[in-house]
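The values are calculated or read from the model by the stated rules, or taken from the named source; none is laboratory data. Here the structure is a predicted model, which means the values were calculated and not measured. Cβ placement follows ideal geometry from the backbone for every residue including glycine, while neighbour counts extend to all protein chains displayed.
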Amino acid sequence: MTGNHAQPEGGPHGGPQGGPQGGPAGEAVIRVRGLVKRFEGRAVLEGIDLDVYRGETLVIMGASGCGKSTLLRCMIGAQRPEAGSIDMLGRNLCKASEAQLEEVKKRFGILFQSGALYNSMTVAQNVALPLQEHTDLDHATIETIVKIKLEQVALREHADKFPSQLSGGMKKRAGLARAMALDPQVLFCDEPSAGLDPVTSAEIDRLIMGLTRGLGVTSIVVTHEMDSAFAIADRMVMLDKGRVLRIDRREWFDNLRHVDDAGAEALPESEQIIRQFLRGDASGPITRRRDAGSYADDLLGPKPPARPGA
Ligand SMILES: Nc1ncnc2c1ncn2[C@@H]1O[C@H](COP(=O)(O)OP(=O)(O)O)[C@@H](O)[C@H]1O
Ligand SMILES: [Mg+2]
C-alpha cells in the first residue's frame, strides 16, 4: 500500500516521487505500453503508457468520450488494440491465444457501469455464474461461496430476488459480489457509482475498498466523480485526447486541486487542464479549447469525413 501521505515539496509539480509514474517501487501487475486503439480509422487511444502496481487502486479519469472505457476494455482483452502491448499478470494479452486469454480472465473481476446482471436470474444465480463457468466446484460448495460473497456486500437476505426487484445501489452490490466471486487478483470497475446518490456511491466506494485493500487485490477504477476518485485512489491517471496527461499519486492531484486561481496562472497548460477537471470549474483551458473548436468549425464548416483507406 502506498501509505506515505507526505506532501510533495514545491507544489503539485516537481515534487519527489516514489517509483516511476509516482508509483511504489513494487511489481507492476499490469504494464501498458504504446497502446493505440482506433475505431473506423479514428484514434481513440494514441499511445498510452501506464503501470498498475500490486495491491494499489488506480483511478482513471478524463472527459466523457476520451477513451476510459476503451482503455479498460483493451486491458481486459475484450478489445484488441491496433498497436502496443498490455502485460497482465505476466502475460502479453495482445499476443495471447484465446485459451491463454481465458486463463488470465479467470484471475480478474469486472464491475460494469450497469452492474450488467442477467435479469432472468436471481441475485444468487448471477453470483454463482462465474463459479459454474470457471471452476469444477460442486453445487453445495458454490452455494456456500455465493452466501459468503452476498454477505460481504450485505445482500444475503436478497439472494432470491431478481435484478428488477433491486434498487440501483443493490444492483451494483450484486455486480460487485459477482465480480469478486472467483477471488480475483485484479478488479476492474467502470463508473461503479454512476447514477447513484452520494450516500449510496460512498457505500459502494467503501465496499470496493473493503474487498480489495488488505486482501492485496489490485483495482482499476474508471470514475468521473471526484469525491469517489479521491476517496479510493492510491494513484490517478488523467487521460486527454487519447494520451496520458499525468499519472501520479493521489496527493499530487489533491495538491493541484487546491492551487488557488492566482497560483494556477503560473501552471503549465496540462496542469491547468487537470486542475479545471478536478475542480469542475466552469471556466478554464478545457472550456476555452472547446469554445475555440466549435468557433473554428462554425467559421470553416465541419471537417469532411476521412475517405476510406485514406
Ligand atoms: N465499439 C466502438 N465503435 C466505434 N466507436 C467507439 C466504440 N467504442 C467507443 N467508441 C468511441 O471511442 C470514444 C471513446 O469512447 P469511450 O472509451 O467509451 O469513452 P469514455 O469511457 O471515456 O467516456 C468515443 O468517441 C466513442 O464514441
Ligand atoms: Mg465510459
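Please go through segment 42-82 and pick out each residue that is more than 30 Å from Arg279 (Cβ to Cβ) and either among the polar types (S, T, N, Q) or in contact with a Pro (Cβ under 8 Å, 6 or more places away or on another chain) (or both).
Gln79
Could you grab the pairs with beta carbons closer than 6 Å, sequence gap of 6+ or different chains, first residue in segment 177-195 and under 12 Å from Asp205 (Cα atoms) and not assigned by TED's automatic domain parsing to the domain that holds Thr57, second one of a type in the set (Gly, Ala, Ser) and more than 13 Å from ligand 2 (Cβ to nearest atom)?
Ser193/Ser201; Ser193/Ser228
Within segment 154-175, how many residues turn out to be part of a helix (DSSP H, G or I) and of a type in the set (A, V, I, L, M)?
Narrowing segment 154-175 to residues part of a helix (DSSP H, G or I): 156-158, 163-165, 168-175.
Now restrict to residues that are of a type in the set (A, V, I, L, M): 170, 174.
Selection size over segment 154-175: 2.
Return the residues of segment 129-143 that are of a type in the set (A, V, I, L, M, F, W, C) and within 10 Å of Ala181 (Cα to Cα); say none if nothing qualifies.
Once the filter is applied, which keeps residues that are of a type in the set (A, V, I, L, M, F, W, C) and within 10 Å of Ala181 (Cα to Cα), segment 129-143 yields Leu129, Leu131, Ile142.
Would you confirm whether or not segment 61-74 contains a residue that is outside any loop (DSSP other than H, G, I, E, B), away from ligand 2 (no atom under 16 Å from the Cβ) and among the β-branched types (Val, Ile, Thr)?
Checked against the condition, which is being outside any loop (DSSP other than H, G, I, E, B), away from ligand 2 (no atom under 16 Å from the Cβ) and among the β-branched types (Val, Ile, Thr), segment 61-74 yields no hits at all.
Considering Gly47, Gly84, Gly55, which residue is buried (at least 17 other Cβ atoms within 10 Å of the Cβ), away from ligand 2 (no atom under 16 Å from the Cβ) and not in a loop (DSSP other than H, G, I, E, B)? Explain how you work it out, then say what you get.
Working: Gly47 fails: buried (at least 17 other Cβ atoms within 10 Å of the Cβ); Gly55 fails: not in a loop (DSSP other than H, G, I, E, B).
Every option except Gly84 fails the conditions.
Tally up the residues in segment 91-124 that are under 22 Å from Arg156 (Cβ atoms) and in contact (Cβ under 8 Å) with a residue 60 or more places away in the chain, please.
4
Would you please list the contacts, defined by Cβ atoms under 8 Å and residues six or more apart or on different chains, that run from a residue in segment 60-83 that is farther than 24 Å from Asp248 by Cβ and in the same structural domain as Arg33 (by TED's automatic domain parsing) to a residue that is within 9 Å of ligand 2 (Cβ to nearest atom) and not basic (Lys, Arg)?
Gln79/Thr70
Just the residues that are hydrophobic (A, V, I, L, M, F, W, C) and within 12 Å of ligand 1 (Cβ to nearest atom), please, taken from segment 52-74.
Ile60, Met61, Ala63, Cys66, Leu71, Leu72, Cys74 - these are the residues of segment 52-74 that are hydrophobic (A, V, I, L, M, F, W, C) and within 12 Å of ligand 1 (Cβ to nearest atom).
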